[in-house]
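Enquirer: Quick one: the structure is below, and I'll ask about it shortly.
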Amino acid sequence: MKYCCLIALALIALHQGQSANTLTQGEIGADSSVLDEYKLKSAKAAKGVKKRFKSSKYAKKGKSSKSSSSSSSITGIYQGHDVEDSSQQKLEILCTDGLCDITLQDPLFSTCYKFLGGFFGGIAFAKNVPENNLDNFTLCLYCKEENLTSSLPTSLEGSDINCGNGSTAKLTGNIVIPPEGGLFREGPGFYYYKISDPRIKDGLNSGASSRIGQDDDEFANVSGFYAGIDTKIGSNHLLNIYCNNDKLCNIDLLAGSFDTCRAINGLDFYRGFGVARNILQDSLDDFEIKLYCLTAVELEVDINDPSRKPDAILTGNISRLQDGLLRRTGPGFTYYLVSKPASPKNDFAQKLYGIDVEDGSAQGLALACAGGLCDITLQDASFSTCINNIAGDIYLGGLAIAQNIPQDSLDNFKLDLYCVDDISQLSKGIDYNAAPVASLDGSMLFLEDGIIRRTGPNFMYSNIFWGDKLGGSSDKANKAMTISNGKYRGIRYLDGGEDEVFTTCADRICQVTVFTPIFSNCINPATNFNPYYNGVGIAMNVPEDSLENFEIDIYCIKRGQEIDFDDDKPTYTIGYGLVPVDPPGTLVRPGMDPDMFYYRTSSE
């Protein structure tokens with residue numbers, strides 16, 4: 001079957017997360033009485049969500065009632081949608097010897113935002129939680145103090161992290177494994193789905209390789225795309241590693257916010273990236289990363305220009321905890337493999353992520369081939385060609401496409417780039433009837449393990465489409481053609497943005513939530529023209545057999561606002577639909593122009 005493709009954007013994936021904070025009076029310190037009104041509202045909003053949709057059963061980690069589709073290992077990195085304030089959260093769980101360290105990342109924790117009024121203001125931890133007690137623990141939230149770069153007190157390290165030692169607030173952790181899969185935090189009522197390689201296991205963090213015959217090569221098979229959390233300031237990290245047959249490695253690092261760059265350019269998101277080139281594979285435990293920061297007048301950097309010096313030098317130094325699990329020993333950040341090997345043979349679909357080491361953005365590349373012809377879509381929320389025409393700090397505005405390219409010509413083709421003409425008319429979309437703004441070199445070289453190099457700019461991309469082996473939540477005969485619970489990504493041709501759809505069905509009743517960092521129709525006077533984290537899409541109690549045609553409510557919000565689902569009315573309601581198509585793990589939203597495709601990026 002021929003299917004048009006769309007891409008996902010890792011850049012926006014970087015700024016995902018938000019306040020999974022359901023706070024009680026006893027959980028806040030004595031000096032935090034100013035949060036009383038917030039606490040009541042947050043608890044009420046969470047109650048409203050759970051009242052409308054909640055599974056009837058939950059299983060505790062390690063118990064026999066655990067779903068057969070849930071992971072045999074809880075260690076990994078997960079993503080969830082905070083439907084109270086429109087953002088996404090990353091949840092990192094690392095279990096060793098029966099004890100788990102949990103980190104919750106959210107670029108817009110509501111508690112911290114009330115203090116700081118900005119993004120990346122906090123990080124939440126729980127240390128040494130018994131693995132069989134994950135349904136009853138507390139997360140300690142630390143908000144960054146004004147004029148400090150770290151969310152943690154400078155004297156605080158590792159085991160010193162506890163809620164009585166300088167934390168701003170306590171959050172309900174309480175993780176259970178429901179039969180429908182994923183993880184569920186009982187306090188706020190949020191679901192999280194694993195995006196890391198499911199082969200990463202609990203308690204195997206000794207550095208020994210599980211690959212036969214490669215135990216004495218610490219960094220064998222290290223190539224891939226990794227996600228992590230900056231535990232100092234609470235931003236997302238993406239780490240791209242490729243080592244060639246000569247055992248020389250290139251490393252690209254992207255963060256939601258580098259403090260060094262933020263001090264230079266004053267921008268909330270991105271505008272900075274790190275690179276290391278031609279590092280010996282057996283020296284990955286001792287190397288440096290060059291950090292480059294961009295400004296409003298320097299939208300691109302030529303890293304090969306000797307006159308352009310890096311703005312800072314970062315410690316690279318990687319150690320391998322196990323296959324697919326790395327740690328940078330300098331800052332102590334952990335990175336989880338989120339890419340999956342794939343073969344570009346016969347009919348195939350791949351959804352890939354890479355880092356643009358010219359303008360510091362993440363790019364999504366969707367590639368679908370059938371019958372010898374391929375459709376390719378390249379998404380980058382900050383195409384420098386388009387950004388030149390956009391006033392202010394806005395990240396939408398362009399999309400590059402190529403259609404019906406012969407499969408044997410993927411090493412030599414062009415992508416047509418289209419830009420939004422007027423950012424004030426974003427909701428009207430891109431005019432694809434107009435002439436392309438530019439022609440980009442799309443030419444691809446297919447490397448091992450599903451890694452692609454665009455030979456023009458020399459950007460590397462790794463496949464993050466996990467497909468679907470699970471089928472739906474119900475016992476249907478044709479599992480491959482039902483919708484599995486999880487996270488799906490799809491590109492909007494309208495404005496070059498991305499929708500991230502979370503589907504959760506239990507007992508044939510479903511909740512569907514839609515996240516996008518920018519709802520173009522919510523940039524309006526009612527939200528003070530808020531461009532980021534400005535809307536939530538949610539449909540509750542949808543019969544599973546009605547997922548092809550249902551309605552979803554969109555709530556537009558101001559920055560830092562939380563939705564009270566009992567009292568607040570949706571701003572508008574739209575028709576929606578999700579239809580499973582080949583290959584398994586692909587969904588189509590019909591009725592769009594063109595139809596919109598989503599790819600499953602949760603790994604379990």
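The values are calculated or read from the model by the stated rules, or taken from the named source; none is laboratory data. Since the structure is predicted, the reported quantities are computational estimates derived from the model, not experimental observations. Cβ atoms come from the backbone with ideal geometry, glycine included; neighbour counts cover every protein chain shown. The protein model used for the area step is the full one, side chains on, heavy atoms only, and it has no ligands, DNA or RNA in it. Shrake-Rupley method; radii C 1.70, N 1.55, O 1.52, S 1.80 Å.
Enquirer: Considering Ser603, Ser546, which residue is in contact with a Pro (Cβ under 8 Å, 6 or more places away or on another chain), open to solvent by 10 Å² or more (accessible area, probe 1.4 Å) and among the small types (Gly, Ala, Ser)? Give the steps one after another, and end with the answer.
Expert: Numbers: Ser546 fails: in contact with a Pro (Cβ under 8 Å, 6 or more places away or on another chain).
Step by step, each of Ser603, Ser546 is checked, and only Ser603 is in contact with a Pro (Cβ under 8 Å, 6 or more places away or on another chain), open to solvent by 10 Å² or more (accessible area, probe 1.4 Å) and among the small types (Gly, Ala, Ser).
Enquirer: What pairs can you find where one residue is in the range 228-239 and over 18 Å from Val275 (Cβ atoms) and without any contact (Cβ under 8 Å) to a residue 24 or more places away in the chain, the other is open to solvent by 10 Å² or more (accessible area, probe 1.4 Å) and among the hydroxyl-bearing types (Ser, Thr, Tyr), and their Cβ atoms are less than 7 Å apart, with a gap of 6+ or different chains?
Expert: The qualifying pairs do not exist here.
Enquirer: Moving to a separate point now. State all residues of the range 576-589 that are open to solvent by less than 50 Å² (accessible area, probe 1.4 Å) and either of a type in the set (Asp, Glu) or farther than 20 Å from Asp347 by Cβ (or both); if no residue qualifies, say none. Quick ask: steps written out before the conclusion?
Expert: Taking the range 576-589 first, the residues open to solvent by less than 50 Å² (accessible area, probe 1.4 Å) are 576-581, 583-589.
Tyr576, Gly577, Leu578, Arg589, listed by residue number.
Enquirer: Can you tell me which condition Lys345 does not meet? The list is (1) open to solvent by 20 Å² or more (accessible area, probe 1.4 Å); (2) touching a Gly at 6+ places or on another chain (Cβ under 6 Å); (3) not polar (S, T, N, Q), and all the others hold.
Expert: Going through (1) open to solvent by 20 Å² or more (accessible area, probe 1.4 Å); (2) touching a Gly at 6+ places or on another chain (Cβ under 6 Å); (3) not polar (S, T, N, Q) one by one, Lys345 breaks only (2).
Enquirer: Additional query: Touching a Cys at 6+ places or on another chain (Cβ under 7 Å), buried (at least 16 other Cβ atoms within 10 Å of the Cβ), β-branched (Val, Ile, Thr) and modelled with pLDDT under 80: is that true of Ile264 in this structure? Show your work before the answer.
Expert: On the way: touching a Cys at 6+ places or on another chain (Cβ under 7 Å): yes; buried (at least 16 other Cβ atoms within 10 Å of the Cβ): yes; β-branched (Val, Ile, Thr): yes; modelled with pLDDT under 80: yes.
Yes.
Enquirer: Within the range 489-497, is there a residue that is touching a residue at least 40 places away in the same chain (Cβ under 8 Å), outside any helix (DSSP H, G or I) and among the basic types (Lys, Arg)?
Expert: Our first condition is that a residue be touching a residue at least 40 places away in the same chain (Cβ under 8 Å); within the range 489-497, this holds for 489-497.
Cutting the leftovers down to outside any helix (DSSP H, G or I) gives us 489-497.
When the remaining residues are screened for being among the basic types (Lys, Arg), the result is 489, 492.
Yes; the residues of the range 489-497 include at least one that is touching a residue at least 40 places away in the same chain (Cβ under 8 Å), outside any helix (DSSP H, G or I) and among the basic types (Lys, Arg).
Yes/no per residue for (1) under 15 Å from Asp495 (Cα atoms); (2) at pLDDT 75 or above; (3) out of contact with any Gly (no Cβ under 9 Å at 6 or more places or on another chain):
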residue	(1), (2), (3)
Ile394	yes, no, yes
Gly398	yes, yes, no
Asp411	no, yes, yes
Val420	yes, yes, no
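Enquirer: If you check Leu104, Leu94, Leu99, which single one turns out to be free of Cβ contacts under 8 Å to residues at least 40 places away in the same chain and closer than 26 Å to Leu321 by Cα? Steps first, answer last, please.
Expert: Values: Leu104 fails: free of Cβ contacts under 8 Å to residues at least 40 places away in the same chain; Leu94 fails: free of Cβ contacts under 8 Å to residues at least 40 places away in the same chain.
That would be Leu99, the only listed residue that is free of Cβ contacts under 8 Å to residues at least 40 places away in the same chain and closer than 26 Å to Leu321 by Cα.
Enquirer: Within the range 319-331, is even one residue over 30 Å from Arg600 (Cβ atoms), modelled with pLDDT under 85 and either surrounded by fewer than 17 Cβ atoms within 10 Å (Cβ to Cβ) or in contact with a strand residue (DSSP E or B) (Cβ under 7 Å, 6 or more places away or on another chain) (or both)?
Expert: Filtering the range 319-331 down to residues over 30 Å from Arg600 (Cβ atoms) leaves 319, 329-331.
Then drop every residue that is not modelled with pLDDT under 85, which leaves none.
For the range 319-331, residues over 30 Å from Arg600 (Cβ atoms), modelled with pLDDT under 85 and either surrounded by fewer than 17 Cβ atoms within 10 Å (Cβ to Cβ) or in contact with a strand residue (DSSP E or B) (Cβ under 7 Å, 6 or more places away or on another chain) (or both): absent.
Conditions tested, residue by residue: (1) out of contact with any helix residue (DSSP H, G or I) (no Cβ under 6 Å at 6 or more places or on another chain); (2) open to solvent by less than 20 Å² (accessible area, probe 1.4 Å); (3) at pLDDT 95 or above.
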| residue | (1), (2), (3) |
| --- | --- |
| Gly164 | yes, no, no |
| Gly187 | yes, yes, no |
| Ala208 | yes, no, no |
| Gly213 | yes, no, no |
| Phe219 | no, yes, no |
| His237 | yes, yes, no |
| Ile241 | yes, yes, yes |
| Asp246 | yes, no, no |
| Asn250 | yes, no, yes |
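Enquirer: To continue, here is another question. Taking the range 102-130 as the region of interest, how many residues are open to solvent by 40 Å² or more (accessible area, probe 1.4 Å) and out of contact with any helix residue (DSSP H, G or I) (no Cβ under 9 Å at 6 or more places or on another chain)? Give the steps one after another, and end with the answer.
Expert: Initial filter on the range 102-130 (open to solvent by 40 Å² or more (accessible area, probe 1.4 Å)): 113-117, 127-128, 130.
With the extra rule that they be out of contact with any helix residue (DSSP H, G or I) (no Cβ under 9 Å at 6 or more places or on another chain), the set shrinks to 113, 115-117, 130.
The number of residues fulfilling the criteria is 5.
Enquirer: How many of the residues making up the range 332-357 are over 21 Å from the mean Cα position of the chain (by Cα) and either in a loop (DSSP other than H, G, I, E, B) or closer than 15 Å to Leu284 by Cα (or both)?
Expert: First pass over the range 332-357, keeping only residues over 21 Å from the mean Cα position of the chain (by Cα): 343-348.
Next cut, either in a loop (DSSP other than H, G, I, E, B) or closer than 15 Å to Leu284 by Cα (or both) only: 343-347.
Going through the range 332-357 one residue at a time, the tally reaches 5.
Enquirer: Starting from the range 549-576, keep only residues that are free of Cβ contacts under 8 Å to residues at least 12 places away in the same chain, then list their pairs with residues that are of a type outside the set (Gly, Ala, Ser) and assigned to a strand (DSSP E or B) whose Cβ atoms are within a distance under 9 Å, requiring at least 6 positions of separation or different chains.
Expert: Between residues of the range 549-576 that are free of Cβ contacts under 8 Å to residues at least 12 places away in the same chain and residues that are of a type outside the set (Gly, Ala, Ser) and assigned to a strand (DSSP E or B), the close pairs are Lys569/Asp553; Lys569/Tyr555.
Enquirer: Are any residues in the range 277-307 open to solvent by less than 20 Å² (accessible area, probe 1.4 Å), more than 25 Å from Gly121 (Cα to Cα) and in contact with a Gly (Cβ under 7 Å, 6 or more places away or on another chain), and if so, which ones?
Expert: Phe287
To keep it simple, each residue is scored yes or no on (1) at pLDDT 90 or above; (2) over 17 Å from Gln88 (Cβ atoms); (3) crowded, with 23+ Cβ neighbours inside 10 Å.
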{"position": "Tyr488", "(1), (2), (3)": "yes, no, yes"}
{"position": "Tyr493", "(1), (2), (3)": "no, yes, no"}
{"position": "Ser520", "(1), (2), (3)": "no, yes, no"}
{"position": "Ala526", "(1), (2), (3)": "no, yes, no"}
{"position": "Phe529", "(1), (2), (3)": "no, yes, no"}
{"position": "Gly560", "(1), (2), (3)": "no, no, no"}
{"position": "Gly591", "(1), (2), (3)": "no, yes, no"}
{"position": "Pro594", "(1), (2), (3)": "no, yes, no"}
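Enquirer: Could you check the range 446-461 and list, in sequence order, the residues that are in a strand (DSSP E or B) and out of contact with any Lys or Arg (no Cβ under 8 Å at 6 or more places or on another chain)? Talk me through it step by step, then tell me what you get.
Expert: Going residue by residue through the range 446-461, those that are in a strand (DSSP E or B) are 446, 451-454, 459-461.
The answer is Phe446, Ile451, Ile452, Arg453, Arg454.
Enquirer: When Arg320 is evaluated against the numbered criteria (1) within 18 Å of Ser223 (Cβ to Cβ); (2) under 20 Å from the mean Cα position of the chain (by Cα); (3) in contact (Cβ under 8 Å) with a residue 60 or more places away in the chain, which criterion, by number, is the only one it fails?
Expert: (2)
Enquirer: What residue, of Gly256, Gly274, is closer than 27 Å to Phe119 by Cβ, modelled with pLDDT of 90 or more and buried (at least 22 other Cβ atoms within 10 Å of the Cβ)?
Expert: Values: Gly256 fails: modelled with pLDDT of 90 or more.
Unique residue meeting the criteria: Gly274.
Enquirer: Read through the list (1) touching a helix residue (DSSP H, G or I) at 6+ places or on another chain (Cβ under 9 Å); (2) open to solvent by 30 Å² or more (accessible area, probe 1.4 Å); (3) modelled with pLDDT under 80, then give the number of the only condition that Gly471 fails.
Expert: The failed condition is (2).
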